[in-house]
Amino acid sequence: MKLKKKICIQYLIALTLLTGSFSWMYNKYFSTEHNISSAGPQENYAWTIAKFAIRLAEFEARTERQLRLTSLSNSDMKMELDFLFSGSNVLMTKGDATQYLYKEQGYDATIASIHQMLEVIDNEMKKTKPNYNIILSTVNKIKDKNTDLIFIADHAEVNQRTAIFEDYLKKGDSFKIPIIVTYILLLIMLIISFRQLTTLNRLLESEKKAFNNKNAFLGKLGHELRTTLQAIVGSIESIIYSPQKAPDQNTLHRLENAVSQIERQMNDLAEYAKIDNGHSK
């Protein structure tokens, strides 16, 4: 029973270790946070900058229209300018989405220059009579800077994918260590359990042999007792039914031998009981 209890405790410890290990591995390698971290921000910088370029082209077209028509209303241009400011603010904000852009050389200065030129246009638009030639010239300068921004964004996306791939490989390598440790622990537990089960089987086999030997001994002793008792009964019957109603010498001798034999057998049985209980002399 003690051995079985030890085995149960070991299996319980192994189950606890495995549960804890797999829970830790899941949280570290398969959880939502890990997947987000492995995937990275997944920003499409080229598309963001392309949308800015589209807005800039629309603003340029409206500026040229104002030059041709000399219209006094420029509300549509102000709305387009607000869209351009919105796009530049997104690209200027430092965060997870733009971290790879800011790692590129020249990006910080380029986006800051674009934002400053948009402020120049905004200041010109606030005048009563804006000079659209200055606005158009500034737009062309922004277009040049935006072209540089496109090349920077392409390089940033390549570096982003490279960093994510390297991070994935690194985490994949670190995933091997807990698997190996868990496998070794499980193997050790299985070896220990196998040895204990083998020991338990040997003990059970020994107990089985001892039980069979006990049955054989008791069966033999019972047969001898029955034979002795039959001899005693026969001697007593001989005495009872003898014509002289008195025992002869041979009958008494047989009776005495049978009693002595029973005494020896009882002694043997008592000694066996002591040995069986672990109290031998």
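The values are calculated or read from the model by the stated rules, or taken from the named source; none is laboratory data. If you're wondering where the values come from, they're calculated on a predicted model, not measured in any experiment. Cβ: placed from backbone, ideal geometry, glycine included. Neighbour counts: every protein chain shown.
Structure data summary
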quantity	calculated
Residues that are within 40 Å of the chain's Cα centre (by Cα) and surrounded by fewer than 16 Cβ atoms within 10 Å (Cβ to Cβ), drawn from segment 65-96	Val90, Thr93, Lys94, Gly95, Asp96
Matching entry among Phe151, Phe217, Phe175 (being free of Cβ contacts under 8 Å to residues at least 12 places away in the same chain and surrounded by 11 or more Cβ atoms within 10 Å (Cβ to Cβ))	Phe151
Where a residue in segment 181-203 is within 17 Å of Ile9 (Cα to Cα) and its partner, wherever it lies, is assigned to a helix (DSSP H, G or I) and of a type in the set (D, E, K, R), with Cβ under 7 Å and at least six apart	Gln196/Lys6
Options Ile111, Ile135: the member that is under 20 Å from Ile54 (Cβ atoms) and touching a residue at least 40 places away in the same chain (Cβ under 8 Å)	Ile135
Test result for Lys129, farther than 27 Å from Leu84 by Cβ and either assigned by TED's automatic domain parsing to the domain that holds Glu80 or not in a helix (DSSP H, G or I) (or both)	no
Qualifying residue in segment 158-168 (condition: more than 42 Å from the chain's Cα centre (by Cα) and surrounded by 13 or more Cβ atoms within 10 Å (Cβ to Cβ))	no
Unmet requirement for Ser137, which otherwise passes all of (1) under 30 Å from Ser75 (Cβ atoms); (2) touching an Asp or Glu at 6+ places or on another chain (Cβ under 9 Å); (3) not in a loop (DSSP other than H, G, I, E, B)	(2)
Subset of segment 135-163 [more than 16 Å from Ala46 (Cα to Cα) and either among the β-branched types (Val, Ile, Thr) or not assigned by TED's automatic domain parsing to the domain that holds Glu119 (or both)]	Ile135, Thr138, Val139, Ile142, Thr162
Positions within segment 85-136 being modelled with pLDDT under 85, under 20 Å from Ala57 (Cα atoms) and of a type in the set (Phe, Trp, Tyr), in sequence order	Tyr132
Qualifying residue in segment 225-233 (condition: outside any helix (DSSP H, G or I), surrounded by fewer than 13 Cβ atoms within 10 Å (Cβ to Cβ), at pLDDT below 75 and not acidic (Asp, Glu))	no
Checking Lys245 against (1) of a type outside the set (S, T, N, Q); (2) surrounded by 11 or more Cβ atoms within 10 Å (Cβ to Cβ); (3) at pLDDT below 70, the condition it does not meet	(2)
Among the residues listed as Gln105, Gln99, the single one being exposed (fewer than 15 other Cβ atoms within 10 Å of the Cβ) and either under 28 Å from the mean Cα position of the chain (by Cα) or more than 28 Å from Leu17 (Cβ to Cβ) (or both)	Gln105
